[in-house]
Protein chains: 2
Amino acid sequence: MPSPTLGRMNEQAVVSRLAEAARGASRVVALTPRGRKDKALLSMADALVAATDEIVAANAEDVERGRAEGLRANLLDRLTLDADRVAAAADGLRQVAGLADPVGEVVRGSTTPTGLQVRQVRVPMGVVGMIYEARPNVTVDAAGLALKSGNAVILRGGSAAERTNAVLVQVMRDALEAEGLPADAVQLLEGDREVVKALMRARGEVDLLIPRGGAGLIQTVVTESTVPTIETGVGNCHVYVDAAADLEMAEAIVVNAKTHRTSVCNAAETLLVHRSVAAAALPRLLTALAARGVTIHGDPEIESVAQAADATFEPAIEDDWADEYLSLDLAVRVVADLDGALDHIRRYSSGHTDAIVTGDRAAARRFVDEVDAAAVMVNASTRFTDGGELGFGAEIGISTQKLHARGPMALQELTSTKWVIEGDGQVRD
Amino acid sequence: MPSPTLGRMNEQAVVSRLAEAARGASRVVALTPRGRKDKALLSMADALVAATDEIVAANAEDVERGRAEGLRANLLDRLTLDADRVAAAADGLRQVAGLADPVGEVVRGSTTPTGLQVRQVRVPMGVVGMIYEARPNVTVDAAGLALKSGNAVILRGGSAAERTNAVLVQVMRDALEAEGLPADAVQLLEGDREVVKALMRARGEVDLLIPRGGAGLIQTVVTESTVPTIETGVGNCHVYVDAAADLEMAEAIVVNAKTHRTSVCNAAETLLVHRSVAAAALPRLLTALAARGVTIHGDPEIESVAQAADATFEPAIEDDWADEYLSLDLAVRVVADLDGALDHIRRYSSGHTDAIVTGDRAAARRFVDEVDAAAVMVNASTRFTDGGELGFGAEIGISTQKLHARGPMALQELTSTKWVIEGDGQVRD
């Protein structure tokens, strides 16, 4: 029986072997011009569509196992791939092919007084690791974005999607190879949790690790990893209805932010209402929310309004202000004024997306300046914090940290930069 | 006697109290317009000059204690402040006042098809921690750069500079307060190593931690910290003299890169020479280096050339290629060609700065494209990887990681961004 230390060494060796192959491949894709990368992306898309039957069959096995193991219905849905979803994933690759190449972009530059020509150029990260959960379409998105940005990627999907991911990755690797690019630019990391821990310890071998999934996964990765990480996705988002809000607009935004999709990080979890408009706004807002099945968690003063609106009401406890429900639940509080709203958001926001509904320029400006979040909305739904909606064309996650990337991450966020300094013999004196 | 757990809790509480005060101050300085920040920087500079006697006296105590404790001469020199060095530190603050404000800069923006006005705006990080070693001028530089970029800073200097740093920080805090800005925007973290560990665990309270100093310090911080960090400073820098090099230029660059200042991260540590010019280049290069007291660590084939050049010669072992000497030592190797140089650099470079000397466009382009480093030089000394030399006006360290910042870090690197999205009622469908 191997000792735990030996086991750990073996897992580290597995990751090192993968990372070394990825490093070699990354050197090739880093220097591959856009035309060839785009051609490979289109080939990968075609290959996925051609392999639909094989992918759907592998996925059916995963789904069946998931069902037998009691996976929740919403996770089973996220796990499932049918022909349409395979086609959609392939279309995602085609869209990425259409995006500008971030590699080689000159970010800034100048000529120094001694004649050095200095430019900061965007370059690939190198080897990017992704740790994610059920959705197998992330496998395709991440591979496409990594390739376009000149990186090699090590994919660690959820065990629930094991067979699906294996087929997806094999199809994409074969397509890369057929295009004369190294298959090892896209690799799957298989094995148990220990191998994931080894990936988190692969500092120097992996340049960036992106966790994408539930709060537990993200917390584990950002606290245990020695590889630089980007924290993604936890969103305790607020909508604040200001004194000067248009109430029709407020209703549309609150309903959209809460109910358009509940399981996503940019859904609203708390509604704050300025006291001066509470009497006019709350009955209307809570009625609209109740009609869509939203349970209200509120301070006692809200209970009677909620009852009149036919809303299910629960007295709010401290956790309600901090939690990301990801469900048809909404915490609701009346605040004294804009300062009250800012105080509440400062205390409880996860720094993802917070929105104000107001017609008052000064209130909007203070909200934008003082709320410390990846995205601040004025008179728009929190749901717009999304790479696709902002025109990035694709998204690899939404960063809620301040280092390197904040908000939706796409091609540019998968790059670093390099200073190129050209002289004709300059030395320092 | 307190239990270790209690002690640890107390240290965490000390850091939390500091960080909370810093957070409050950061909210004020984040919204302080440039004019007031610049005025405060100038006041801090004047206050430091006015307090010269007090600073020099406190520093003399540190230096005396350092000498008694057997601190090495070069560290004693770094530790020492006289009136000129205080004036230079104050001048640094005045220069920072003259730099453009990074806060509020619009990085990119667009209007979406549905009429959302989207802009990505540069905002302060919030609370920045600095852990550094002997040089007390870093205390002043870091405080100035943090204030200008709208951040609060928690400074943890080396214990050798304890009394000096206490006076410097007190003088700057008083100046801030006199200008109506919160003194807690600049704070000193005192106490033993446990308190530094507590700072590294203050995730969520501190937004960014920058270690600046020796390899040991940096390694400890980047591997143990749960706060996002930026790895700085280790430089195993290479100069490659290509077949098509102008040998006069090569001599000037190699001598400057190695001997201009040996204790800095952008000094050259390895010289690689293309075999086809080795016979012409090496005698000349080694003679010039020997004249400046440089010891050559080389492959056996170099020994006779080194002896002819009157250079001290040591046979190179594996460590010589990987080490950052920070002294008058240079590893020297003849490589078969450009590929040989690229292979060597790929294997041993710390990714700080690598230089090629060549008149050949194709060789320069390949070197620039294929060397994976923060800075790549063509026909210029490695010593130019420096915020001041590149026109940043100041520098808080040189990042050798790829996430967030790479190369010299100044005001921009102390900022994050925020997406501001303004609509007129848009919701997603």
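The values are calculated or read from the model by the stated rules, or taken from the named source; none is laboratory data. These figures come from a predicted structure and were not determined experimentally. Glycine also receives a Cβ, built like all others from the backbone with ideal geometry; neighbour counts cover every protein chain displayed. What goes into the accessible areas is simple: the full protein's heavy atoms, side chains included, and nothing from ligands, DNA or RNA. Shrake-Rupley method; radii C 1.70, N 1.55, O 1.52, S 1.80 Å.
At-a-glance table
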{"item": "Axis-nearest residue of B (beta carbon) for the B-onto-A rotation, whole Å", "result": "B:His404, 2"}
{"item": "Inverse of mean 1/r across different Cα pairs in the range A:145-284, Kirkwood, Å", "result": "18.6"}
{"item": "25 °C / 0.890 mPa s Stokes-Einstein diffusion coefficient of chain B, Kirkwood radius on C-alpha pairs, µm²/s", "result": "104"}
{"item": "Teacher prompt: B:Glu61 distances to equivalent labels in other copies, 7 Å Cα→Cβ, nm", "result": "7.3"}
{"item": "Modelled FRET efficiency - R0 25 Å, B:Asn10 with B:Thr226, Cβ distances, 0.05 increments", "result": "0.85"}
{"item": "Links that overshoot a 29 Å alpha carbon limit, given the list A:Lys39/A:Lys258; A:Lys148/B:Lys197; A:Lys197/B:Lys197; B:Lys39/B:Lys418; A:Lys37/B:Lys418; A:Lys148/B:Lys418", "result": "A:Lys39/A:Lys258; A:Lys148/B:Lys197; A:Lys37/B:Lys418"}
{"item": "Positive-end extreme of charge dipole, chain B - chosen from B:Trp419, B:Val186, B:Ala373 (charges on Cβ)", "result": "B:Trp419"}
{"item": "Residue-by-residue Karplus 3J(HN,Hα) for the range A:163-168, coefficients 6.51, -1.76, 1.60, Hz, glycine and proline x", "result": "6, 4, 4, 4, 5, 4"}
{"item": "Two-decimal log10 I(q)/I(0) for the range A:225-276, as the Debye equation yields it once each C-alpha is a single scatterer, q = 0.15 Å⁻¹", "result": "-0.50"}
{"item": "Beta bridges per DSSP with both ends in the protein assembly as shown, % antiparallel, nearest 5", "result": "25"}
{"item": "Surface accessible to a 1.4 Å probe, per residue, for the residues of chain B, Å²", "result": "38"}
{"item": "Label-point separation, B:Arg119 to A:Asp339 (7 Å along Cα→Cβ), nm", "result": "2.8"}
{"item": "For the range A:128-186, alpha-carbon Rg relative to the globular expectation (2.2 N^0.38 Å, N residues)", "result": "1.04"}
{"item": "Nm distances between copies for A:Thr220, ranked from closest, using label points 7 Å along Cα→Cβ", "result": "3.0"}
{"item": "Lys, Arg +1 and Asp, Glu -1 on Cβ, resulting dipole of the protein assembly as shown about Cα centre, debye, nearest 20", "result": "700"}
{"item": "Volume per residue that the Cα convex hull of the range B:80-232 spans, once the total is divided by residue count, Å³", "result": "141"}
{"item": "Helical mean residue ellipticity (222 nm; -39500 (n - 2.57) per DSSP H run of 4+; nearest 500) of chain B", "result": "-14000 deg cm²/dmol"}
{"item": "Nm distances between copies for B:Arg275, ranked from closest, using label points 7 Å along Cα→Cβ", "result": "8.5"}
{"item": "With DNA, RNA and ligands ignored, accessible area of A:His404 (1.4 Å probe; Å², nearest 10)", "result": "50"}
{"item": "Order of exposure, largest accessible area first, which applies to A:Ile154, A:Ile317 with probe 1.4 Å", "result": "A:Ile317, A:Ile154"}
{"item": "Chain A, relative contact order in percent, only Cα pairs under 8 angstrom and at least six apart counted", "result": "18"}
{"item": "Anisotropy class of the protein assembly as shown from Cα gyration tensor, a/c 1.5 cut", "result": "oblate"}
{"item": "Summed buried accessible surface, chains A and B, 1.4 Å probe, nearest 100 Å²", "result": "5800"}
{"item": "Separation of the A:Arg365 and B:Val264 label points, Cα + 7 Å toward Cβ, nm", "result": "4.4"}
{"item": "Size of charge dipole - chain A - debye, nearest 20, with Cβ of Lys, Arg +1 and Asp, Glu -1, no other charges", "result": "1340"}
{"item": "Whole-Hz ³J(HN,Hα) from phi, Karplus 6.51 cos²θ - 1.76 cosθ + 1.60, for the range B:138-153, glycine and proline x", "result": "4, 4, 6, 4, 5, 5, x, 5, 5, 4, 4, 8, x, 9, 8, 10"}
{"item": "Alpha-carbon centroids, the range B:137-209 and the range A:256-302: separation in whole Å", "result": "42"}
{"item": "Prolate/oblate/rounded call for the range A:2-135, Cα gyration tensor, a/c under 1.5 rounded", "result": "oblate"}
{"item": "Bridge type composition, the range B:237-389 - antiparallel percent by DSSP, nearest 5", "result": "0"}
{"item": "From phi via Karplus (6.51, -1.76, 1.60), per-residue ³J(HN,Hα) for the range A:399-408 in Hz, x at Gly/Pro", "result": "7, 10, 9, 9, 7, 6, 9, 9, x, x"}
{"item": "Within the range A:237-389: Cβ-based charge dipole about Cα centre, in debye rounded to nearest 20 (Lys, Arg +1; Asp, Glu -1)", "result": "400"}
{"item": "Of all accessible heavy-atom area on the range A:237-389, the percent that carbon and sulfur account for (1.4 Å)", "result": "46"}
{"item": "GluC sites (Glu not before Pro) restricted to DSSP loop in the range A:38-102 with at most 13 other C-beta within 10 Å", "result": "A:Glu69"}
{"item": "Cut-off under 5 Å, modelled amide H: who pairs with A:Val186 long-range", "result": "A:Val153"}
{"item": "Rounded to the nearest 10 Å², the accessible area of B:Arg85 at probe 1.4 Å", "result": "90"}
{"item": "Among A:Val86, A:Ile253, B:Val86 the positive-end extreme of the charge dipole of the protein assembly as shown (Cβ point charges)", "result": "A:Ile253"}
{"item": "Relative contact order (%) - criterion: Cα under 8 Å, at least six apart; region: the range B:91-245", "result": "20"}
{"item": "Viscosity 0.692 mPa s, 37 °C: Kirkwood-radius Stokes-Einstein D of the range A:237-389 over Cα pairs, µm²/s", "result": "222"}
{"item": "Residue-level accessible surface for A:Asp329, protein heavy atoms, 1.4 Å, Å²", "result": "30"}
{"item": "Test item: A:223-230 mean partner chain Cβ contacts at 10 Å", "result": "3"}
{"item": "Shielded residues, the range B:256-281 - accessible-area loss of 20 Å² or more between chain alone and all protein chains, probe 1.4 Å", "result": "B:Asn256, B:His260"}
